[in-house]
4 protein chains.
Amino acid sequence: MTMQRVAIAGASGYAGGELARLLLMHPELEIGALTAASSAGSPLGAHQPHLPQLAARIIQETTPEMLAGHDVVFLALPHGQSAAIAAQLDESDTVIVDCGADHRLADPAAWAEFYGGAHAGTWPYGLPELPGQRDILKAARRIAVPGCYPTAVTLALFPAFAEGLAEPDVVVVAATGTSGAGKALKPNLLGSEVMGSVSAYGVGGVHRHTPEMEQNLSAVAGLPVTVAFTPMLAPMSRGILATCTAPATPGLTAAALRDAYESALKDEPFVTLLPEGVWPATAMTYGANTAALQVTLDERAGRVVAVIAIDNLTKGTAGGAIQSVNLALGLPEGLGLPLNGVAP
Amino acid sequence: MTMQRVAIAGASGYAGGELARLLLMHPELEIGALTAASSAGSPLGAHQPHLPQLAARIIQETTPEMLAGHDVVFLALPHGQSAAIAAQLDESDTVIVDCGADHRLADPAAWAEFYGGAHAGTWPYGLPELPGQRDILKAARRIAVPGCYPTAVTLALFPAFAEGLAEPDVVVVAATGTSGAGKALKPNLLGSEVMGSVSAYGVGGVHRHTPEMEQNLSAVAGLPVTVAFTPMLAPMSRGILATCTAPATPGLTAAALRDAYESALKDEPFVTLLPEGVWPATAMTYGANTAALQVTLDERAGRVVAVIAIDNLTKGTAGGAIQSVNLALGLPEGLGLPLNGVAP
Amino acid sequence: MTMQRVAIAGASGYAGGELARLLLMHPELEIGALTAASSAGSPLGAHQPHLPQLAARIIQETTPEMLAGHDVVFLALPHGQSAAIAAQLDESDTVIVDCGADHRLADPAAWAEFYGGAHAGTWPYGLPELPGQRDILKAARRIAVPGCYPTAVTLALFPAFAEGLAEPDVVVVAATGTSGAGKALKPNLLGSEVMGSVSAYGVGGVHRHTPEMEQNLSAVAGLPVTVAFTPMLAPMSRGILATCTAPATPGLTAAALRDAYESALKDEPFVTLLPEGVWPATAMTYGANTAALQVTLDERAGRVVAVIAIDNLTKGTAGGAIQSVNLALGLPEGLGLPLNGVAP
Amino acid sequence: MTMQRVAIAGASGYAGGELARLLLMHPELEIGALTAASSAGSPLGAHQPHLPQLAARIIQETTPEMLAGHDVVFLALPHGQSAAIAAQLDESDTVIVDCGADHRLADPAAWAEFYGGAHAGTWPYGLPELPGQRDILKAARRIAVPGCYPTAVTLALFPAFAEGLAEPDVVVVAATGTSGAGKALKPNLLGSEVMGSVSAYGVGGVHRHTPEMEQNLSAVAGLPVTVAFTPMLAPMSRGILATCTAPATPGLTAAALRDAYESALKDEPFVTLLPEGVWPATAMTYGANTAALQVTLDERAGRVVAVIAIDNLTKGTAGGAIQSVNLALGLPEGLGLPLNGVAP
């Protein structure tokens, strides 16, 4: 079988770099065009020095012509830019993967409220673990990669909502590493500001990933789920640790909760329900396409508490994207994706 | 006026070291005995090399005799040890300050459930910002220093509960630096494990600080408040960032919420309500006896969301302890306590 | 005695913030004008949120008029800007302190080679520990604050060179925290790039602090000293750890080396020669105006090895500056300066 | 071809974990016995939670019987233990790989001085890049894996000494992450102590890796080379950045130096000579079996300055070990070894 060729638009950014790192380990996909905007013309090595295998490759400008002729095109671009370029890539056989937000939200009103501007429409949502989603992705030629936080939160809570074990009044607090904010040169992202400090941001229901979490959990629950979401920035480059809680439905026992999670996750290759008593750490998933999950019943407070760790760049973006592409191309879902992390 | 002499039991630990650092800056308190258990006999410099002014002082063994004859005795000892030694210090004029948990909880059942063993009884609670607490502390000769998490959570939510703006169903998720766990040699506290990783622990209502938070907020609210508390360990030495949420009472507006916080905090020297739109970072309070607080109304989810940053060793332990001692000694409440942090 | 008024130009930067933090603790100096360039007009709290005591102060534009009328003016400006503004401040009684490089180098050729442009001339060098320098500073009205690396390296090696114990062929490798690079928005200073990584920069004799080290050590040695200097960036906000080595002169013994250091440093309030066998860590000096120093003789390799830790913002910049100002104003040299650090 | 079976003794430690992580990606080697001492009987997941593929594997006790019957045995044990167990493994066909120090030093006197106790003798040295070493390793059934620091320093300087471009008076200062110290529960390795701080240790020619560096460079140079080595601990889990300098031989030009390095390294798959002007960062090699190297001539000081970054656990231990094993087994040298790192 011939290798299939993939292009990466946004190759000089963090998501683009992680796509390249993972694709270099993939036995059926080979890297074609690497494109970007302001860094076009420079070698990839100047932006991704951890990838010596691609150091001499010259970054091209992101244009429809440059991205044409590939089997898969990954768009790792700032929000709002992927819809524009995707609209010019009308090759229907190409698998086009939007790692940005442009095609995630089904509700135009939510798009308008949280992102603004014209709504680009919805593409098949690239979270294979969502009930029923694998079959959709196998037939997909357009894939909307979930946001990193919604990936974590949805994986943490879908088993509870699928079985009606939690009330739809979710509270999530999640810590993320700085790579989630990209390479933008902002004062609050300087190492001097970040190291030794945890800070809050996007508090009060204003973070753009909020409606996406609600969309996913509402679909699973079959009724409207509200999420009060607070993100925080932690002094690390990678990783999300999300604490996701919801009121337990009356009569729920710890054993029934555990059973539901074991049952929902037993065949999931990339979501590990940890042994009882072991709690997730982001280090468990560093560089891996995995989620480490634990759930318990806080009987005192009457809440389901699920805690999950992922690598925001791997399972949360690039790895999750490749997992969906594997399905779309008819390849084994886990092909080329690391199960084991890099630690300590 | 003569300086008053203070002893520190537990001088080789992190809380003891922070007490010493702050006391060296205090104009009316001078350091007498420095005691500890296993490190007795060695110079303080071997354990607290950041305190050159005390480097040559020899650590004594923690005994009633060694602690006798001081105006103030700080007990910075593992839980369970302070009650035992305090019982042997029967000088009624001495201000005895328990930086551990032994005298915090009023409810023997909560003590039994979360700590086990005999309940030592309750001492005046060293959180001057709690309504009515300053007067109690001015007359106190025994002070129970609050836990670091309860300090943060109580300061973040008391204005809301004092005014009946929130329902008593609290969800708190807080990140802490590693110094909160002390110098215990545990594998999960090794630098290799901690750096680059955020991890959860004590999940599901089992953390010992939970009943203390409930005790404080219930007292303010005048009705039982339940707290679902999840702590996490972040890759930094100091600091707590706590996100504290509760359902808003019907009809609450953002403006009314802000007003209540401004009103409750306008005369508090150590709690800063940040300008609107600015969110706390632990770096704002590094080494300072301050809390940086922000509050908002998540109208989408109908919740009050208060986020607070403190330094767990300063306002969360040693600084808060000295603040209460200042009151007990009739000194200005803020004497000798740093208002400004060390950053970046 | 009336407090003397000081102005800080560059108050929104890291050096300016550290000056403000320290001056707030100083009993004889009070803060007057706070000025800056692009951040003029905004409150200081937006840039230095760790300084709540100054949060509401509005930053003024850096102009001669704004800086006039103070007893002391600190210029914490990018290299090349302080000479320009200083030239316009012709009040001869004012103590003007250049925290930048403009007035450090005596040799115009070295200035031209390493900085370029016109040489502004030399001011009294603000390192009181240099033999003979205290008396010069007591009479000074202009002070050139040493670079952070030269402060560390000079303190580490001057006792050896003053006594002729080392050959003038120095090799220095030093790790620094990111605050030394300031708040400039450069990709390599982003938290994502810095955390978890140590990197080299300015290698091969090109770092601008090189001629300043050579100037200092040559003056002490009385003969030309060459320094091969390599800096590296470490994942921390503050601190310099410098390993400074030079060939031992023939016949030097470890005991004689130790004696020379003890003798040279025994009356220095801010330089601690650690007990034998204890090696410096930057955490020993975090936020303090101190240096922690150790020296040994590598008998195998025949080299003197001195290792020193300082806080680049405190002893390395702002604290060292205030130490010199204390001398110039006839105040006790250590007035208001912290001897103890913040740790852990 | 059948997979060859490998055993790992010391599987619960950091080196053992890295061996397991890499072997899981190796197409021709499969993991057999996993053994350890105190953690025998527990599942590997309790010690290496980043390796979910092996989480349920039970750790066996390290005994000759348990290690028997494998094609390759990796001994990732504390110094002194590998020689004892190796002596009991007398299967001459098995490739036995000592990741400890027991078989590195040829000189019994150096062993006695730096390690003490009986000298176990010398095994073929597992650094394929050393001139002539590949052929030795192809025939080897016993392999002594180099120390992490000697790996870095030897790779950085061998091109200079092989061509006689440097004088044999080397000064090395290297920063390392904490994983190099293993999982030992020592106070100075606690996260609270390590984060935010760089510290020196093993200063003055006493670090055990010193004679190993001298052994390697002397062999290349053909004359005795002395190394003055100072290590320091940096706040990161992984990585070594070593600055290696030596006096340039008279008449050396920058161009000749560059040429010599390009020539020596042009066919080395795992050592990247960076483009001129780019300096190494440990992040370039995180989790990869690579070294990132740069060299320059400090003309001012007359020294060759080579700076190199490696991951101490990968190229510095486990990856380097597998690279040598590949040679010993007749496999392609780079089989299964990652060329690209994980960043940011």
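The values are calculated or read from the model by the stated rules, or taken from the named source; none is laboratory data. Quick caveat: nothing in here was measured; it's all calculated off a predicted structure. In this analysis, Cβ positions are derived from the backbone assuming ideal geometry, glycine residues included, and neighbour counts consider all displayed protein chains. Ligands, DNA and RNA are excluded from the accessible area calculation, which covers all protein heavy atoms including side chains. Shrake-Rupley method; radii C 1.70, N 1.55, O 1.52, S 1.80 Å.
Here are some notes:
- Relative contact order %, the range D:169-260, counting alpha carbon pairs below 8 Å whose residues are six or more apart: 51
- Measuring with a 1.4 angstrom probe and ignoring ligands and nucleic acids, B:Lys315 comes out at about 10 Å² accessible.
- Shown for B:Glu262: label points 7 Å from Cα along the beta-carbon vector, and their distances to the equivalent points in the other copies, 5.6, 6.4, 6.8 nm in ascending order.
- Listed peptides C:56-64, A:167-175 by packing density, highest first (mean Cβ within 10 Å): A:167-175, C:56-64
- Between copies, the label points of C:Gly164, set 7 Å from Cα on the Cα→Cβ line, lie 3.7, 8.8, 9.5 nm apart, reported in increasing order to one decimal in nanometres.
- Cβ neighbours within 10 Å from other chains - mean over B:267-278: 2
- Prolate/oblate/rounded label for chain D (Cα gyration tensor, a/c 1.5): prolate
- Taking every DSSP bridge with both residues inside the range C:149-310, close to 70 percent are antiparallel.
- Calculated Rg and Dmax of the protein assembly as shown using C-alpha coordinates, Å: 31.0, 90
- Most fluctuating residue given options C:Thr178, C:Thr249, C:Thr210, as computed from a GNM of chain C linking Cα atoms under 10 Å: C:Thr249
- Where GluC sites (Glu not before Pro) fall in DSSP loop in the range C:260-344, at most 14 other Cβ within 10 Å: C:Glu276, C:Glu299
- Complex-versus-alone comparison for the range D:312-344, residues with a loss of 40 Å² or more in accessible area, probe 1.4 Å: D:Leu339, D:Asn340, D:Val342, D:Ala343, D:Pro344
- Heavy atoms of C:Asp107: accessible area, 1.4 Å probe, square angstrom to 10: 70
- Residues of type aspartates and glutamates that C:Lys186 reaches as a straight line, Cα spacing below 19 Å, ignoring anything fewer than 8 places off in the same chain: A:Glu193
- Note: relative contact order over the range A:65-170, using C-alpha pairs below 8 Å and six or more positions apart, is 23 percent.
- On the protein assembly as shown, 54 percent of the accessible area sits on carbon and sulfur atoms, based on a 1.4 Å probe.
- Across peptide B:240-248, the average count of Cβ atoms from other chains found within 10 Å of a residue's Cβ is 4.
- Accessible surface, per residue, of the range B:1-148 when the full set of protein chains is kept, probe 1.4 Å, Å²: 38
- With a 10 Å cut-off around each Cβ of A:292-302, the average count of Cβ atoms from other chains is 5.
- Within a straight-line Cα-Cα reach of under 23 Å, C:Lys315 can be paired with the following lysines, leaving aside sequence neighbours fewer than 8 residues apart in one chain: C:Lys138, C:Lys183, C:Lys266.
- In terms of overall dimensions, the range C:149-310 has a Cα radius of gyration and Dmax of 15.8, 50 angstrom.
- Top positive-direction residue, dipole computed over the range B:149-310 with Cβ charges, set B:Ile240, B:Thr151, B:Gln215: B:Ile240
- The range B:188-262 and the range A:216-254: distance between their alpha carbon centers, rounded to Å: 16
- Counted charge near B:Met236, where neighbours are those whose Cβ lies closer than 13 Å (Asp, Glu -1; Lys, Arg +1): -2
- Projecting the Cα positions of C:Pro49, C:His79, C:Phe114 onto the charge dipole of the range C:39-118 (unit charges on Cβ atoms of Lys, Arg, Asp and Glu, taken about the Cα centre) puts C:Pro49 furthest along the positive direction.
- Alpha carbon convex hull of the range D:243-325, projected area averaged over orientations, nm²: 5.8
- Calculated label separations, A:Pro78, copies of the chain, 7 Å along the beta-carbon direction, nm: 2.2, 5.4, 5.5
- Of all the options D:Ala219, D:Ala11, D:Ala242, the one that moves most in a Gaussian network model of chain D with Cα springs shorter than 10 angstrom is D:Ala219.
- The relative contact order of chain C comes to 17 percent, based on Cα pairs under 8 Å that sit 6 or more residues apart.
- Applied to the range D:18-29, the Karplus parametrisation 6.51 cos²θ - 1.76 cosθ + 1.60 on θ = phi - 60° returns per-residue 3J(HN,Hα) values of 5, 4, 4, 4, 6, 5, 5, 9, 8, x, 10, 10 Hz, with x for Gly and Pro.
- Debye, to nearest 20: dipole size of the range C:149-310, +1 on Lys, Arg Cβ, -1 on Asp, Glu Cβ: 580
- Max mean-square fluctuation residue, GNM over chain C, Cα-Cα springs under 10 Å, options C:Leu67, C:Leu24, C:Leu34: C:Leu24
- Magnitude of the charge dipole for chain A, about its Cα centre and with charges confined to Cβ atoms of Lys, Arg (+1) and Asp, Glu (-1), is about 680 debye.
- The B:Ala87 and A:Ala254 beta-carbon pair, evaluated with R₀ = 51 Å, returns a calculated FRET efficiency of approximately 0.85.
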